[in-house]
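Data first, discussion second: the structure below is written as structure tokens.
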Amino acid sequence: MAVSGWFVSLVALGILPIIVTGDAAMLALWLLFVAALGAVDLGRAGSPRAVRLARELPGRVRLGETVAGTLLLTNTGNRRVRGIVRDGWQPSAGATPRRSPIDLPAGERRAVTTMLTPFRRGERAAAQVTIRSFGPLRLLARQVTFELPGAISVLPPFNSRKHLPSRLARLRELDGATSVLVRGPGTEFDSLRDYVRGDDVRSIDWRATARRRDAAGQRLVVRTWRPERDRRVVIIIDSGRTSAARIDNEPRIDTAFESALLLAALASSAGDRIDLVIYDRRVRARVQGATGAELLSRMVTSMAPIEPELIEMDWAAVPALVRSVTAHRALVVLATSIDAPGASRGLLSVLPQLTRKHTVVVASVTDPTVLDATGTRSTREEVYVAAAAERALLDQARVATAIRQLGADVVTAAPQDLPPALADTYIALKAAGRL
Amino acid sequence: MTATTGALAGPGAATGQRVTTPTPARVLRRGLFWIAAALFLLTIGVISIGVAGSGTGGVTLSSTNPAPGGARAVAEVLRQHGVTVTATASLPQTIAAITDPADTTLFISDPDRYLTDEQFGTATTLARTVVLVDASFGQLRAVAPGVAQAGVVGASTLTADCALPAVTAAGTVSGGGVGYRVTDATLTTTSCLGSGDRVFSLVQVQNPGGDTLTLLGATDALTNDRVIENGNAALALTLLGAHRHLVWYLPTAADVGAADGASLASLTPGWVIPGMLLLAVTFLAAAVWRGRRLGPLVIERLPVTVRASETMLGRARLYERSSARLRALDSLRIGAIGRLGAQCGLPRIATVDEIVAGVAGLTGRQPGAVRRLLVDDIPNSDRDLVALSDALLVLEHDLARALQP
């Protein structure tokens, strides 16, 4: 049962007869009158228990976008249900409006639409639906809560896709698809074609020229090259405790997801094969053997529910993990954090095993506030903070140097800059033929 | 859910929806135990109060109080002997109760001093025979100015020592209570039950008009607890049973302020109190209106928020607390040396001396001063630390400006 503001006003209105008559008995009379009126009203209210409910939800939404969730209410009772309905979503589902008015005649069905703008990644759930049904006088209401679970999967936003067109253009330049005045870097043989003015004379294939007999006479034949295709890219994302730390109000793991998505989009259009493993002490998610549009779709779906665990990353198992993904040479991208020599010991100990066979890139987010802190030193406290920041930068530099000495590449950047930086590293590696 | 409702709900309807709100019948069933328990306790309480009376306390010397401190025994025995005992609680009641002042004994006991002196004076003139128990200084001044209170009487038993019928009938009387001393010799008084030093527990004052005022200090003699001891019963019955009517007046709070006849209720309009009650009811209704939640809260597991810069700030606080100035400065110096070396175009493996020489050459500073700043100086206070840190920034700035074309 619930009480409306009208009911409260009606009770308060009793002051008039009490003042007019000046009689204490009037109070009891008025309260009896209000109670009787309320009882009649409550008796006339449509039964919310007779309402049948159903949800219609989109399965997935990208973080930051808005979708409509529909709640279908069917009145199977024989009285009209008028009142409010609340769809009980979790706060981070960003449901608006929180409560909607309904007018549900007997035997009819109405839809209540709730706009959902989730502000957290993962599975956002609704637990229940509450219906408050007022009587015809809107004094008292019957209220019932139904258990009606529902959920939408909130995918990573992939904001870094804005960097994709510029990187794809650079890839096409590499590929030779865009006309450039270079021979076209790459190490993989593509085709033989007739020499045209402007081709590098060093690319003339004399043996093929000798084999070629043409009615029009002798033509020169050049070899063309293209970047390697069908290389393997293995992305391993650390979902251990260090990935939970927030930099610029974004957890490290979200930045890693953005970087992985941009890299995957880029590499799949370059013709490479992408495998993704999210790992801490067990495999949290794995995307293997997907290509094209399905790849990104499967990646975001598998990333959506993953939150960092408060456990230490097990680096010792990573070489075996990479072996289980591919037996061939691959580009292995490790998205983790390199903050302190102590914390990175596990990573450093397994890197030689990986670099022996694969090209390894370690991608790590740096904190822009640390860099800012080194410059502001006006007070005593700030000087100490600046000293600690310098020490942190020094630690990072030491770990990065150690990683480079072990034969891996290091990409560090602020959260917004890491995805394009990783993509650039990939393009550079591809151009150098190191994949 | 029946088949018809399922059809009504249409395709895609959630089947087997569960209602979490309990029905009124279920609430009642669930609360049955507690309702029963409350009723049981209430019954027990009512029964026990009915059996044991209203408790051991009660009003001292009340004619209706069966507790040890009450005086119901005396009143009951007097009733059995044909005396009409009327208990009154206020002065108007007492005035109304006394119809025949000549044949009425007025018993007054006011240990809580509700009555003012004037009210007291009025009360003692209502009947010809008045028995005043445990009178205070003020009360005595109002009704018998020649008698003074003489404090607590220590003797446990008092012996009859005057010709007063009540006292001679009693023989001995329990002594607990107060005593009086007659200070005005011109008064016609009879003093009985002396405990030495001219202190008496019973003083009877004969007023010029023929009225009799008996001041009884030995209050214990009237209580249910003690009335059967010694000759207490004889004293009480003789003293109070002298006339056919006995008015047993114990002043209460009703006497306070009744003198001017105006109470708060009589000064306010009639609707104020019901209006206040209505306000309270409205407040309750409004509380229910605003307080009723539209369904329970939906629980959400929130991730831990860890700022990555916390380690850096923690380390800064450690430096600060332990005043690790040299260590802090060395961190700043190493960072500065690295940047300066890069700005000078020196390789990463360049030594400090090479960088000092390079920086001094480019900025035009003394190599010794640059070396002291970058390597040798030791900060002895926080002021030194801040000064050196500023000097490092200035040096980097100067080098950058020197390198600008």
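From the list A:38, A:46, which one is under 18 Å from residue A:132 (Cβ atoms), touching a residue at least 12 places away in the same chain (Cβ under 8 Å), over 50 Å from the mean Cα position of the chain (by Cα) and more than 9 Å from chain B (Cβ to nearest Cβ)?
Step by step, each of A:38, A:46 is checked, and only A:38 is under 18 Å from residue A:132 (Cβ atoms), touching a residue at least 12 places away in the same chain (Cβ under 8 Å), over 50 Å from the mean Cα position of the chain (by Cα) and more than 9 Å from chain B (Cβ to nearest Cβ).
Assess whether residue B:297 counts as being loosely packed, with under 13 Cβ neighbours inside 10 Å and under 30 Å from residue A:308 (Cα atoms).
Judged against the criteria, residue B:297 is a match.
Can you say whether residue A:259 is in contact with a strand residue (DSSP E or B) (Cβ under 8 Å, 6 or more places away or on another chain) and of a type outside the set (Phe, Trp, Tyr), as far as the supplied structure shows?
yes
Evaluate segment B:377-395: report whether one residue or more is within 9 Å of another protein chain (Cβ to nearest Cβ) and among the basic types (Lys, Arg).
Yes: one or more hits.
Mind counting the residues in segment B:291-304 that are within 7 Å of chain A (Cβ to nearest Cβ) and within 16 Å of residue A:249 (Cβ to Cβ)?
So the answer is 2.
In this structure, does residue A:374 turn out to be more than 8 Å from chain B (Cβ to nearest Cβ) and free of Cβ contacts under 8 Å to residues at least 60 places away in the same chain?
no
Of the residues in segment B:136-159, how many are of a type in the set (A, V, I, L, M, F, W, C) and touching a residue at least 40 places away in the same chain (Cβ under 8 Å)?
8
Name the one entry in A:388, A:363, A:397 that is within 10 Å of another protein chain (Cβ to nearest Cβ) and surrounded by 23 or more Cβ atoms within 10 Å (Cβ to Cβ).
None of the other options fit; the residue is A:388.
Identify, from the list B:315, B:307, the residue that is under 30 Å from residue A:126 (Cα atoms), at the interface with chain A (Cβ under 7 Å from one of its Cβ atoms), basic (Lys, Arg) and more than 40 Å from the chain's Cα centre (by Cα).
Residue meeting the stated conditions: B:307.
Considering only segment B:102-118, I want to know if a residue exists there that is more than 15 Å from residue B:256 (Cα to Cα) and surrounded by fewer than 18 Cβ atoms within 10 Å (Cβ to Cβ).
yes
Within segment A:110-120, is even one residue at the interface with another protein chain (Cβ under 10 Å from one of its Cβ atoms), at pLDDT below 95 and touching a helix residue (DSSP H, G or I) at 6+ places or on another chain (Cβ under 9 Å)?
Within segment A:110-120, one or more residues are at the interface with another protein chain (Cβ under 10 Å from one of its Cβ atoms), at pLDDT below 95 and touching a helix residue (DSSP H, G or I) at 6+ places or on another chain (Cβ under 9 Å).
Test residue A:314 against the stated conditions and say whether it is acidic (Asp, Glu), touching a residue at least 24 places away in the same chain (Cβ under 8 Å) and crowded, with 19+ Cβ neighbours inside 10 Å.
no
Kindly evaluate residue B:190 against the criterion of being in contact (Cβ under 8 Å) with a residue 12 or more places away in the chain, surrounded by fewer than 19 Cβ atoms within 10 Å (Cβ to Cβ) and farther than 17 Å from residue B:229 by Cα.
Yes: the conditions hold for residue B:190.
Condition check: at pLDDT 90 or above and either under 25 Å from residue B:398 (Cα atoms) or assigned by TED's automatic domain parsing to the domain that holds residue B:399 (or both). Does residue B:338 satisfy that?
yes
For segment A:148-160, check the following and say yes or no: at least one residue is within 13 Å of chain B (Cβ to nearest Cβ), hydrophobic (A, V, I, L, M, F, W, C), within 30 Å of residue A:45 (Cβ to Cβ) and touching a strand residue (DSSP E or B) at 6+ places or on another chain (Cβ under 8 Å).
yes
Do we find that residue B:84 is at pLDDT 85 or above and either closer than 24 Å to residue B:244 by Cβ or not assigned by TED's automatic domain parsing to the domain that holds residue B:198 (or both) in this structure?
Against the criterion (at pLDDT 85 or above and either closer than 24 Å to residue B:244 by Cβ or not assigned by TED's automatic domain parsing to the domain that holds residue B:198 (or both)), residue B:84 qualifies.
Which members of segment A:49-73 meet the condition of being free of Cβ contacts under 8 Å to residues at least 60 places away in the same chain and more than 36 Å from the chain's Cα centre (by Cα)?
Once the filter is applied, which keeps residues that are free of Cβ contacts under 8 Å to residues at least 60 places away in the same chain and more than 36 Å from the chain's Cα centre (by Cα), segment A:49-73 yields only A:50.
Restricting to segment B:328-368, name every residue that is in contact with a helix residue (DSSP H, G or I) (Cβ under 9 Å, 6 or more places away or on another chain), exposed (fewer than 15 other Cβ atoms within 10 Å of the Cβ) and either among the small types (Gly, Ala, Ser) or farther than 28 Å from residue B:312 by Cβ (or both).
Selection gives B:345, B:347, B:353, B:354, B:361, B:364, B:366, B:367, B:368.
Would you confirm, using the coordinates I've provided, whether residue B:288 is hydrophobic (A, V, I, L, M, F, W, C), touching a helix residue (DSSP H, G or I) at 6+ places or on another chain (Cβ under 8 Å), facing chain A (nearest Cβ under 8 Å) and surrounded by fewer than 21 Cβ atoms within 10 Å (Cβ to Cβ)?
For residue B:288, the condition - hydrophobic (A, V, I, L, M, F, W, C), touching a helix residue (DSSP H, G or I) at 6+ places or on another chain (Cβ under 8 Å), facing chain A (nearest Cβ under 8 Å) and surrounded by fewer than 21 Cβ atoms within 10 Å (Cβ to Cβ) - is not met.
Could you please find all residues in segment A:1-19 being without any contact (Cβ under 8 Å) to a residue 24 or more places away in the chain, facing chain B (nearest Cβ under 8 Å) and over 44 Å from the mean Cα position of the chain (by Cα)?
A:8, A:11, A:12, A:14, A:15, A:18, A:19
The values are calculated or read from the model by the stated rules, or taken from the named source; none is laboratory data. All values derive from a computational prediction rather than experimental measurement. Quick reminder, even Gly has a Cβ in these numbers, built from the backbone with ideal geometry, and neighbours come from all protein chains shown.
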